[in-house]
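The values are calculated or read from the model by the stated rules, or taken from the named source; none is laboratory data. From a predicted model like this one, the values you see are computed outputs, not experimental measurements. All Cβ positions, even for glycine, are placed from backbone atoms using ideal geometry, and neighbour counts span all protein chains on display. Surface areas here come from the heavy atoms of the whole protein model, side chains and all, with no ligands, DNA or RNA. Shrake-Rupley method; radii C 1.70, N 1.55, O 1.52, S 1.80 Å.
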Amino acid sequence: MPDKATGATTLPIYQTAAYNQNSAEDLEKIFSLRKLGFTYSRIGNPTTATFERRISDLERGAGAVAFSSGMAAISAAIMNIVEVGDEIISSAGLFCGTSDLLRELKSFGINVRYVTDNRVENFAEIMTSKTKLFYVETIGNPKLDVADISSLAELAHENNLPLLVDSTVTTPYLVRPLELGADVVIHSTSKMINGGGNSIGGIVVVGKNFRWDVEKFPKLAEFKSFGAMKYLARLRAKVLANFGSCPSPFNIFLTNVGLDTLALRMERSCQNALTLASFCAENKNVEVNYPGLKNNFYHELAKSQFGNRFGTILTLKFGTKEKAFGFLNSLRFALKASNIGDARTLVIHPASTIYLHSSETEKLNAGVTDDLVRVSVGIEYIVDLLDDFGLALSKTW
Ligand SMILES: *Cc1c(COP(=O)(O)O)cnc(C)c1O
C-alpha cells in the first residue's frame with residue numbers, strides 16, 4: 001500500500017521518539033486511550049503500526065504488537081497474563097531460548113509442566129486448576145515435532161484456557177493458527193519473515209474469539225472495557241510500555257521489505273528442503289528428520305495442517321559428534337550460523353552451541369543429541385545445494 005501522505009511506494013521510516021499533538025486536550029485523550037494516536041515510540045510508532053497491521057491481516061488476527069526480538073515477544077505474551085503460583089503447560093520440543101526463559105520463570109513463581117510427545121491427551125492429563133495457558137511451537141525447532149493445533153485449541157477452550165502458538169518455523173504462508181482455533185500467535189520475525197538475516201524482531205498476533213474471563217485472568221480486569229480485546233490492549237499499554245522491548249523503526253523497515261517476498265521464499269525453501277531431505281535420506285550413513293518425508297511420524301498431520309508443505313528445517317544424525325563436525329567442515333556453501341530462516345542455507349551443531357547450557361533433560365526433550373546437525377534450507381539453486389551436501393556426505397565416512 002502506498003503511503004497516504006506522499007504516495008511513497010516503500011514504508012516510510014518514522015525515526016522519531018515522540019509526537020506533537022495539536023492541543024493539550026488531544027494529548028490527554030490519547031493518553032487515556034479515548035483517541036487513537038501516537039505519543040512516544042516505546043508504545044507505538046507509525047512505521048511499526050503498518051507492519052503490525054500487515055502481519056495481523058496475514059494471520060487474520062484482531063491486532064498485533066511488534067517487539068524488539070522473538071524472545072521479547074514470547075516473554076510479553078506470557079507475562080501479560082501469568083502471576084505467581086500460575087502454571088503453564090508446554091510442549092517440550094522448544095526453541096532453546098524459550099526453554100531457558102521458561103526455566104527462568106520459576107524464580108518468579110511460575111511453574112512450567114512439559115508434555116514430551118505433543119499428545120493432546122497428555123496436555124489434558126497434567127492440567128490443574130492453576131494452569132493458565134497452553135504453549136506450543138507449530139513445528140518444534142529443532143525437534144521438528146508437529147503440534148495438532150485444532151485439537152489442542154479445543155481442549156484449551158473446554159477448560160477456559162488460551163492456546164499460545166509460536167509459528168516462527170511455519171510463518172503465515174504455511175498455517176494461520178488463529179483460524180485453527182489458537183488464540184495468540186507469536187513469531188520471531190528475525191527468521192523467515194525477514195529472510196535476509198539483517199534484523200532481530202518479534203511479534204504477537206491476537207485472535208478475535210477468546211473471551212479472557214477476568215476471574216481467571218485478573219491482570220486483564222483493568223482493561224475490561226475492551227471486551228475480547230483486553231489481552232491485546234494490556235499487551236501494548238502495560239507489557240510493551242513497562243518492559244520496554246520496543247522495536248526500532250529501521251529494523252521494522254528492513255523486516256517489512258522481507259515480508260514482501262515471504263511467499264516466494266517460503267515456496268522455494270520448502271521445496272528445496274523436501275528435495276534435500278529426500279536426497280540425504282538415500283544415504284544409509286545418515287538419519288534424516290523432516291516432516292515432509294513419508295515415513296516421518298508427523299507426516300500426515302503436517303501435510304493436512306500446513307497445506308502439503310513441510311517447512312524449511314531438517315535435521316541430520318551422523319552417529320557421532322566427530323562425524324557431524326566432519327560433515328559441517330566439509331560444506332562449502334552452507335553458512336555455519338546459529339539462526340534459521342535465512343535466504344541462505346545455514347547449518348549448526350546444536351548440542352555444542354545453542355544448547356550448550358541446557359540440561360540433559362532439556363536437550364533430550366528438544367531432540368538434541370551429540371550427533372545432530374540442524375539445517376535451515378535457503379533459496380539457492382537446488383543443484384548447488386545437492387552438490388554441496390553430496391560432496392560433504394561423501395567425505396564424512
Ligand atoms: C529464533 C526463535 C525464537 C526467538 O527469536 P529471536 O528473534 O531470536 O529472539 C523463538 N522461537 C523460535 C521457534 C525461534 O526459531
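Assorted remarks:
- Per residue, the solvent-accessible area of the stretch 287-397 (1.4 Å probe, heavy atoms of protein chains only, all protein chains present) comes to 46 Å².
- Split the chain at each of the trypsin sites (Lys or Arg not before Pro) in a DSSP loop with at most 11 other beta carbon atoms within 10 Å, and the longest piece is 35-283.
- Debye-formula intensities of the chain, expressed as log10 I(q)/I(0) at q = 0.11, 0.12, 0.13 Å⁻¹, are -0.79, -0.93, -1.08 (one equal scatterer per alpha-carbon, no solvent).
- Gyration tensor verdict on the stretch 76-163 (Cα atoms; rounded if a/c is under 1.5, prolate if a/b is larger than b/c, oblate otherwise): oblate
- Beta bridges per DSSP, both residues in the stretch 147-213: antiparallel share near 60 percent.
- Alpha carbon centroid spacing (whole Å) that separates the stretch 232-281 from the stretch 326-389: 19
- Net charge in the neighbourhood of residue 340 (other residues with Cβ under 14 Å of its Cβ; Lys, Arg +1, Asp, Glu -1) is +3.
- As a calculated quantity, the FRET efficiency between residue 228 and residue 27 at R0 = 41 Å, using C-beta atoms, amounts to about 0.90.
- Relative contact order (%) - the stretch 282-397, alpha-carbon pairs under 8 angstrom, separation at least six: 28
- Each label was represented as a point 7 Å from its Cα along the Cα-to-Cβ direction; for residue 333 and residue 125 these points are 4.5 nm apart.
- Loop-resident sites, the stretch 250-354, for GluC sites (Glu not before Pro), counting at most 13 other Cβ within 10 Å (DSSP): 282
- Within the accessible surface of the stretch 215-356, defined with a 1.4 Å probe on protein heavy atoms only, the carbon and sulfur portion equals 54 percent.
- The stretch 318-397: C-alpha gyration tensor shape, a/c 1.5 cut-off, then a/b vs b/c: oblate
- Rounded, prolate or oblate (a/c below 1.5 giving rounded, otherwise prolate when a/b exceeds b/c) for the stretch 166-219 by Cα gyration tensor: oblate
- Solvent-accessible surface of the stretch 20-99, averaged per residue with a 1.4 angstrom probe and all protein chains in place: 41 square angstrom.
- Most simply put, the chain has about 55% antiparallel DSSP beta bridges, counting only bridges with both residues inside it.
- Loop sites in the stretch 111-202: chymotrypsin sites (Phe, Trp or Tyr not before Pro), DSSP, at most 16 other Cβ within 10 Å: none
- Label zone at residue 151, where the point sits 7 Å out along the Cα-to-Cβ direction: the stretch 99-120 residues whose backbone N lies under 12 Å: 117-120
- Distance between modelled label sites at residue 1 and residue 211, nm, 7 Å Cα→Cβ extension: 3.2
- Between the amide H of residue 168 and those of 138, 188, distances stay under 5 Å, these residues lying 5 or more places away or on another chain, with hydrogens modeled in the peptide plane.
- Length gained on full extension, residue 283 to residue 250, computed as 0.36 nm times the residue gap minus the Cα-Cα distance: 7.4 nm.
- Flagged links, alpha-carbon separation over 25 Å, of 132/303; 284/321; 143/208; 132/208; 143/191: 132/303; 143/208
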